[in-house]
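For reference, the structure is listed below as structure tokens.
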Amino acid sequence: MGRRSERMVVIVEPRQEEFERKRGVTGIAVEDGLVHVEVMVAPEMRERLKVFRAIADSGISLFLIKFHPDSVHFLVRKEALRKTQKVLQSLKLPTKITRDCALISVLSSAMRDLPGVMARIAEALYEQGVDLLETGDSHDAVMILVRRPDVERAVNALRQKFGL
Amino acid sequence: MRIVVQKFGGTSVATKERLFIAAHRVVRAKREGYAPVVVVSAPGRKGDPYATDTLISLAREIDPQVPVEPRELDLLMTCGEIIGIVLMAQAIKVLSGYKTVALTGGQAGIYTDGNFGNARIVRIDPTPIGEALRAGYIPVVAGFQGVTEHHGLGGHGQITTLGRGGSDTTAGALAAALQAEACEIYTDVEGVMTADPRLVGSKARVLPSVTYEEVSEMAHLGAKVVHPRCVEIAMDYRIPVWVRKPESASQGTVIRERASDLPQKMFRFTGVTHLPYVAHLKVHVVHQDDLAEIEAEIYRLLGEAGIVTYFVGKSRNLFEFAIVRDNLEKVRSLLEGLTIPVSVNRHSRLYLLSLAPTSVAHRERRRMLSQIQPKLEIVDAPVEVTTNCAIVSLIVLNTREVPGIMARILDAFVEANIPVLQVADAQHSVSCLVLEEDMVRAVNVLHDKFELHKGVAERLQTL
């Protein structure tokens, strides 16, 4: 699976017991110390560009970026929060900050060949009453953002759901 | 013994002329002191007489209403590669006089699970190929296939196929099992390129060297040069993979580093990929509290129907996802008129989904539901569909280390007046959902903005 991030803790390590990697969900990783930022901004691309340009000029790295009809959402590391807030204040746009978040990555080597993973994740977390703040996906992971205090419950529910 | 695995795609064995060009590559490797192991695909492209799709249609045309058993389909599909190995073995022998032996996947010791149509390799016995090499033969192995070794229904030694990109997978797997010096993938392009030359023309550059992770990301996001499963095996077993054209003198692309092998905080802009034929759906839910339950139910239905979602996301009153457009009709039939009862915080509501919320059919459905369920609040959940979308992705080594990527992407798109419907960032890529009519321009705009025409080494940077 390779290194995912220096800050990411692999809770369930994908194991290779046979010649080829196993299909299906094979691991779970968690990265905490994250802040979810929602910036209310008009849908016009030029307006959104102003936000991203200002943040880029401050050298802040963003991830799990999402466009919504009346806002853009992203994550920053908690060390970058103060700087981010300063930039956003200068733009005079309403923002909502959710501190102390964690990104849980459900890992698979071929997520695109696995229908139903999102359903099982949503079901597992819904059953446990864990609020899913944001979701994202790539070919080797489905990422879900939760509040830090929910991590243990969420990870346990996911481990149970995927038999890990 | 210095083993090299050389894989030739369908076009390399489609004509006598192409076959000899490929055979020449094998002979050259042998003369240079290597022990080549050759992997061959079915001759030709889609539509040609022995191509996989043509073989499948032979069985399906008997009666399109009666599905062909997966086991039988696998038997049929492996015929193309078997033709390919015999032709290649003969061409090498005629060209050089070297001894050759054509082997099916099973004869070559490739054992798989019993998942017909998309089998996974569980074990490779290197003995048959090892013996052939020691006896001075050049083994020519059929790609895309293996055999089961489990007993029971379906039994021992059933022929299986490895799914999409199966011949690349065979090549990577044999290279790993034989501890080969390299795996060479011969294809109809010069190597892994910064973008599809059909879209960006002469601006496309061959990448001399990329990491396994970059090329895997590219392959998953639309580049068709080497299958990600082959890359994955090569990465796990540390086998260098070369991608090149059989007749070309250029070295092509080598994939032999892992991103984690590179010095910390290294990054580069690697390439731009595209994936057309995508549809984007947004489900609007009025009451935020009900969103999670509706979301879970819809994802459950899509999962059960075997539909994979991309670009999943949610906000206060909607959740969204993209699908391959071929699945749109299936999704439409699942969601149109779907009712989802929700009970949250002592509220009971019945959500009624519709992809055409202003239609007469929807209004009629709503009216009938109100009569049947007078005590239940009926709430519309309109589903907004954008049919013609494409995913355009910038491949970046270590995306998350680099500030300002999104700003540069948006800058380029704003300048070119290309709307971005949604974005998704991963460890080595940033993908944008755009309208299909903007796809070619979007690829070009990103290629220019990130100066991908410059050499890849020049683009490797440190934060």
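A few remarks follow.
- Residue in the stretch A:63-75 that is at the interface with chain B (Cβ under 10 Å from one of its Cβ atoms), more than 30 Å from B:LYS265 (Cα to Cα) and in a helix (DSSP H, G or I) present: no
- In the stretch B:207-225, the residue that is farthest from the other protein chains (Cβ to nearest Cβ) out of those that are in contact (Cβ under 8 Å) with a residue 24 or more places away in the chain and of a type in the set (D, E, K, R) is B:GLU214.
- Any chance B:VAL342 is surrounded by 15 or more Cβ atoms within 10 Å (Cβ to Cβ), modelled with pLDDT under 90 and within 13 Å of chain A (Cβ to nearest Cβ): yes
- Number of residues in the stretch B:33-46 that are in a loop (DSSP other than H, G, I, E, B) and touching a residue at least 24 places away in the same chain (Cβ under 8 Å) equals 7.
- Taking the criterion of being farther than 24 Å from B:ALA322 by Cα and more than 8 Å from chain A (Cβ to nearest Cβ), the residues of the stretch B:380-415 that qualify are B:LEU397, B:ASN398, B:GLU415.
- In the condition set (1) outside any helix (DSSP H, G or I); (2) within 11 Å of chain B (Cβ to nearest Cβ); (3) in contact with a helix residue (DSSP H, G or I) (Cβ under 9 Å, 6 or more places away or on another chain); (4) not polar (S, T, N, Q), A:LEU125 is compliant with all but (1).
- Subset of the stretch B:264-318 that is assigned to a loop (DSSP other than H, G, I, E, B), of a type outside the set (Val, Ile, Thr) and at negative phi - its residue that is farthest from the other protein chains (Cβ to nearest Cβ): B:HIS287
- B:ARG300 vs. criteria touching an Asp or Glu at 6+ places or on another chain (Cβ under 9 Å), touching a residue at least 60 places away in the same chain (Cβ under 8 Å) and surrounded by 16 or more Cβ atoms within 10 Å (Cβ to Cβ): no
- Screening B:ALA171, B:ALA182 for residues that are at pLDDT 95 or above and surrounded by fewer than 22 Cβ atoms within 10 Å (Cβ to Cβ) leaves exactly one candidate, B:ALA182.
The values are calculated or read from the model by the stated rules, or taken from the named source; none is laboratory data. All values reported here derive from a predicted model rather than from experimental measurement. Here Cβ is always computed from backbone atoms with ideal geometry, including for glycine, and neighbour counts include all displayed protein chains.
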